[in-house]
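This report refers to the structure that appears directly beneath it.
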């Protein structure tokens, strides 16, 4: 049976990426060696790393002064490294609290310096993105999480501010065209739109670095990795390789503009059904709905159908549809590689449930 | 042509590990999903993580109070995290400087606290392991690099001291039985004897933690990962999975005692030839020779044969034999999965060069 993978991450990648990655584990480019047993200093892996970095720059139209690097440790590590590298000892940083991951980023930053949480939707269980706030002009940066995987909200417009924006884009990078000038730093764990778990992309405007006085261990200083082209030490070879394959696919498929079109079609289809179907409703403010993660629940009168719905989903090959424990209900994660067909199957199942209710 | 992979790391793993890992990239355990697209919270990956940790504990005979965790960022990250977690603000740590990696570990630790380099072979270009030194009884720990990949030396006996030893075992873990009681903490990048690049094993005696006053970001605090069984955030799924497969192979092949026997046979064979063959000599003190990395050069009269030797190696399918740039000459890295046959082929080539010289 074909599986429709709505997993929130690690998540679906194109089948051709899996095929090529699988082959590389046995024999990489007819070298007679597995990619897993090759030196990270080999010309073969050097070419992979260069192509991956080049694809990032090309797909996101990065100007020369924006440096992409592959590092380790996930976005959770960046929660600490961002203030360590960018927040001056006597300065402050502005944060928007829009979900679980923003909240964790704030906690880590507070231990390192002065943090001003300028707006939060925490008290509303993060069902919307805060809108009316002032960004202090003297902040070193404004931190935000562009897409909130757990709650299903997304900044559909990146705020305009004179302060450089630092964005956790773990769950929506490469899904739309960026106005890169707004950003000072972008970071993203690979395991949604970019590749498998095990590497993290950081893109940083180089002039923002070297302004803090605190000691930064070599591995935590972005300049180390920029200088060494992401090969200061042994990088996570296979996760970077699979990310490169996936970025090749994004490029071949039409780049981030094409990804955005696909995400619009998928999300319009699912939200259309959520709004139409009398059994379900969405859990977030409509204007802040995420194109990556659609969160929805059964209406009160139909809550007893939860297990039935999960069962029919399973029978239709739908995987990873259960909502995060902090929200409940259901979550359809629709990253770049998810075919529209999978959303169609999900919508059919929702309609069938409606038709057969009681 | 069969390749004999002497790469210093990432390095050879068993062929059956590559086969199984390759299959998992297409379809993991008949789930219909690639391992790369499965949630790290799925019961399937949870079982992988548990088995990997269990195999570490079993193969190294870890007592209950020694906690293994999988983290990210390589040994280079541990150079900073070890003092961050273990070195008290008013305390000191003792370090032995036995090679490139020790030297880097010392540099990172010095930025965080009082470091006493109690012995060093740096002035002799690290051709031997220092022997006569006193470990200060009030040191928080004694740090050493058990095997020096670049220079080809190894602690053939772990020093006896009342201070807990912190060991970078990146290149010889799982290659011999440990007297675990001597150690307070062990860390190892996966990409030699354990698995592919992309994860790092840390084993820590739990009572050593929580003694420092400095702020430790969540991701850098070992307690975070112990408490969450290495799944505080999304771990590097595939590198951990391949490590688990490799540790299964180590267990099936007879455990670390069998790995040690294999390493003795391989290293006796290569060092025997280095010592016998009038064209070559070893670069390190004989009593400190590494069983993992044999470093050797052509004798002065035969230095012009260097390119010839590399050429005949290549023709025999020998890969990764060129020495590190800081030592020159040749390096045969012989990690757990390297068959004795590969060393036999190398020895044959060395003999052929001798027979055909001039």
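The values are calculated or read from the model by the stated rules, or taken from the named source; none is laboratory data. The structure displayed is predicted, hence computed values, not measured ones. Cβ sites come from the backbone with ideal geometry, for glycine too, and all protein chains shown count toward neighbours.
Points to keep in mind about this one:
- The residues listed here are B:79, B:70; of these, the one that is in a strand (DSSP E or B) and either modelled with pLDDT under 95 or under 25 Å from residue A:224 (Cβ atoms) (or both) is B:70.
- Exactly one residue out of B:216, B:226, B:240 is farther than 29 Å from residue B:176 by Cα and either surrounded by 16 or more Cβ atoms within 10 Å (Cβ to Cβ) or in the same structural domain as residue B:113 (by TED's automatic domain parsing) (or both), and it is B:216.
- In the stretch A:327-340 there is no residue that is away from chain B (no Cβ under 14 Å), farther than 23 Å from residue A:246 by Cα and part of a helix (DSSP H, G or I).
- Within the stretch A:10-19, being more than 7 Å from every other protein chain (Cβ to nearest Cβ) and not in a helix (DSSP H, G or I) holds for one residue alone: A:14.
- Members of the stretch B:173-185 found to be surrounded by fewer than 24 Cβ atoms within 10 Å (Cβ to Cβ) and within 22 Å of residue B:209 (Cα to Cα), listed by number: B:178, B:179, B:180, B:181, B:182, B:183, B:184
- Verdict on residue B:328 being modelled with pLDDT under 95, surrounded by fewer than 23 Cβ atoms within 10 Å (Cβ to Cβ) and not assigned by TED's automatic domain parsing to the domain that holds residue B:179: yes
- Flag for residue A:232 being within 13 Å of chain B (Cβ to nearest Cβ), surrounded by fewer than 24 Cβ atoms within 10 Å (Cβ to Cβ) and at pLDDT 95 or above: yes
- When residues of the stretch A:282-316 are limited to those that are in a loop (DSSP other than H, G, I, E, B) and over 29 Å from residue B:31 (Cα atoms), the one farthest from the chain's Cα centre (by Cα): A:299
- For the stretch A:20-43, taking the residues that are in contact with a helix residue (DSSP H, G or I) (Cβ under 8 Å, 6 or more places away or on another chain) and more than 7 Å from chain B (Cβ to nearest Cβ), the one that is farthest from residue B:35 (Cα to Cα) is identified as A:31.
- If you go through the stretch B:111-126 and keep only what is crowded, with 17+ Cβ neighbours inside 10 Å and over 13 Å from residue B:95 (Cα atoms), you end up with B:112, B:126.
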